[in-house]
1. Would you please give the residues with an amide H less than 5 Å from that of Lys381, counting only those at least 5 places away or on a separate chain, with H modeled from the backbone geometry?
2. With a ≥ b ≥ c the root eigenvalues of the C-alpha gyration tensor of segment 377-558, is it rounded (a/c under 1.5), prolate (a/b larger than b/c) or oblate?
3. Would you compute, from DSSP H runs of 4+ residues alone, the mean residue ellipticity of the chain at 222 nm, taking -39500 (n - 2.57) per run and dividing by the full residue count, rounded to the nearest 500?
4. What percent do you get for the relative contact order of the chain when only Cα pairs under 8 Å and 6+ apart count?
5. Across segment 326-334, in residue order, what do the Karplus-derived ³J(HN,Hα) couplings come to in whole Hz, using 6.51 cos²θ - 1.76 cosθ + 1.60 with θ = phi - 60° and x for Gly and Pro?
6. Restricting things to alpha carbons, find the Rg to Rh ratio for segment 274-382 using the Kirkwood radius for Rh.
7. Please identify the helices of the chain, taking whole runs of DSSP H, that span at least 30 Å along their own axis as judged from the Cα atoms and have a mean Kyte-Doolittle score of 1.6 or higher.
8. Please say if segment 247-291 is rounded, prolate or oblate, where rounded means a/c under 1.5 for a ≥ b ≥ c the square roots of the C-alpha gyration tensor eigenvalues, and otherwise the choice is prolate for a/b larger than b/c and oblate otherwise?
Amino acid sequence: MLTRRDFMQVTAATAALLGGTGGIAQAAARQALTQAELLAFKPVGQVTLLHFTDIHAQLMPLKFREPSVNLGVGEAAGLPPHLTGREFLGHFGLKAGSPEAYAFSSDDFTSLAKDYGRIGGLDRMATLVKAVRAERPGKTLLIDSGDTWQGSYTSLKTDAEDMVDAMNLLGVEAMTAHWEFTYGEARVKELVGKMKFPFLCGNVVDTEWEEKVFESTAFFERGGVKIAVIGQAFPYTPVANPRWMMPKWSFGIRDDEMQKSVDAARAKGADLIVVASHNGFDVDRKMARQVKGIDVLLTGHTHDAIPDVVKVGNTLLVASGSHGKFLARLDVEVKDRKVTDFKFRLIPLFADAITPDAEMAAFIAKVRAPHEAELKKVLGKTEGLLYRRGNFGGTFDDLICQALLEERDAQISLSPGFRWGASLLPGDDITGEDIYNQTAITYPAAYRSQMSGQLLKDILEDVADNLFHPDPYYQQGGDMVRVGGLSYTIDPKKEIGSRITDMRLASGEGIDAAKTYTVAGWASVNQGTEGPPVWDVVSNYVTRKQVVNLPEKSVVKVVGV
Ligand SMILES: [Zn+2]
């Protein structure tokens with residue numbers, strides 16, 4: 001594999017030759033990282049599983065900085081995916097500065113992003129999928145673990161139709177879901193009707209009869225192997241997202257149901273049991289132990305990009321990252337209804353190295369054409385790196401929190417710990433599209449309300465417990481809620497009610513449990529929340545400032561880890 005040093009030498013030589021810099025580096029990257037190299041794979045066995053997850057409606061290549069803080073608790077402490085930066089690189093034997101270091105970790109992100117450029121794009125994904133299908137005719141199965149329909153301007157404006165059409169065109173063969181449900185029951189049913197492949201959610205039942213709302217299992221035959229794919233939706237959808245959007249549907253981990261689905265699939269003759277799950281990685285690691293007989297567990301929700309398969313007993317766990325950055329390929333050999341051999345690669349989609357698929361590129365252009373003006377509108381510029389992912393905060397969240405404070409005239413602001421949203425490099429323009437990539441949800445009202453110090457503490461404690469409960473089956477959401485105008489100390493290993501201490505206003509004044517504060521926020525799960533859509537709040541702020549600078553700050557002090 002090419003190292004950054006090799007790459008720089010090529011760059012320097014080329015630059016010297018042509019007497020230029022800048023674009024030369026990217027040209028060299030394109031040459032050095034080839035499509036053929038990204039596709040290189042020595043096939044194994046009869047079946048090739050292709051997997052991606054958490055695309056969050058990103059049709060276009062982007063930059064996405066992986067987390068630099070991702071703490072594991074309980075039995076997950078110190079295990080992937082709870083390794084970041086240099087520690088992550090060391091664990092997986094990846095070289096600092098390499099293309100893989102850029103794709104998989106936060107290490108040296110800004111500098112590497114300039115060299116290696118954007119990653120992803122569904123037209124690049126289509127190229128790779130078609131190439132593998134051509135190489136392995138009759139043996140491939142393409143599976144999506146969900147969070148596909150939400151996260152962009154075009155998905156919001158088309159009520160996710162763009163993504164359903166894109167996935168049909170890509171030839172996805174099964175999916176499960178989470179954010180999909182935030183389009184509401186009627187729209188979900190309508191879109192499922194347009195899908196050319198099954199929407200599998202075995203753990204969603206109706207509240208009245210407790211009957212399954214969607215199919216749980218689909219069967220396929222590939223390379224002479226009978227494959228059952230079982231879908232597991234995000235178990236805490238009505239907790240992490242508004243329950244009023246899906247009042248008749250009940251969710252849950254329901255691992256007894258999963259066991260029944262596995263056993264039923266075996267009874268119907270399945271040689272290979274594949275689960276497409278949106279549980280999140282730590283939940284899936286536990287479920288792989290609780291439920292017997294899952295051969296391959298394709299996980300989603302927590303956005304982890306893990307370069308190797310994680311084995312739990314006889315179950316192979318695959319975590320394929322997010323935002324269309326990666327396509328996972330897992331080849332398996334199946335004998336006597338058991339996996340006897342496998343080979344895996346999580347392929348980063350370096351956008352400059354892959355020839356876009358013409359058909360998908362044309363589709364994407366058609367989807368975006370009516371929205372070009374809004375997407376490309378330049379609102380301002382950023383001086384620093386803007387990113388979101390991380391347990392306690394990100395600079396893009398700081399931007400949103402600052403916008404909420406100033407535009408809504410509040411003392412404190414709260415922004416949810418979502419894991420989706422593209423990153424921007426220092427000096428980049430901030431466009432309309434960039435704002436929507438961080439905010440495009442179906443319940444965007446930016447509220448302004450009065451909260452007691454006690455309520456604020458309870459909110460932080462609640463969210464912290466959802467993230468740091470030592471039993472992953474109780475982990476119910478995203479990262480920690482982001483705060484503006486507030487600082488606090490957190491001890492993740494403590495119990496609920498005692499993790500959060502030393503809450504202070506920006507002035508340094510301590511938060512008083514009995515006092516009332518003006519709080520602005522967005523993405524409330526309560527029905528009837530009022531306020532302007534958050535994208536207007538953030539757009540107005542950026543337009544007013546023209547240049548934003550959100551330096552890395554530490555309003556959250558982490559202790560005890
Ligand atoms: Zn999710």
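Every read-out reported here was derived from the displayed coordinates using simple, explicitly stated rules and does not represent laboratory data. On a predicted model such as this, the values are computed, not experimentally measured, just so you know. Ideal geometry is used to build each Cβ from the backbone, glycine not excepted, and the neighbour counts take in all protein chains shown.
1. Residues meeting the criterion, in which the H sits 1.01 Å from N, are Ile430, Val547, Val548.
2. Values: a/c = 1.60, a/b = 1.46, b/c = 1.10.
It comes out prolate by the Cα gyration axes.
3. Numbers: 19 runs with 183 residues, N = 561.
Value at 222 nm, helices only, nearest 500: -9500 deg cm²/dmol.
4. On the way: 1304 pairs, mean separation 94.0, N = 561.
Result for the chain is 17 percent.
5. 9, 10, 8, 10, 10, 8, 10, 9, 10
6. Numbers: Rg = 18.7 Å, Rh = 16.6 Å.
Expressed as Rg/Rh, it is 1.12.
7. Numbers: long enough: none.
None clear 30 Å together with a mean of 1.6.
8. On the way: a/c = 2.17, a/b = 1.35, b/c = 1.61.
The shape class here is oblate.
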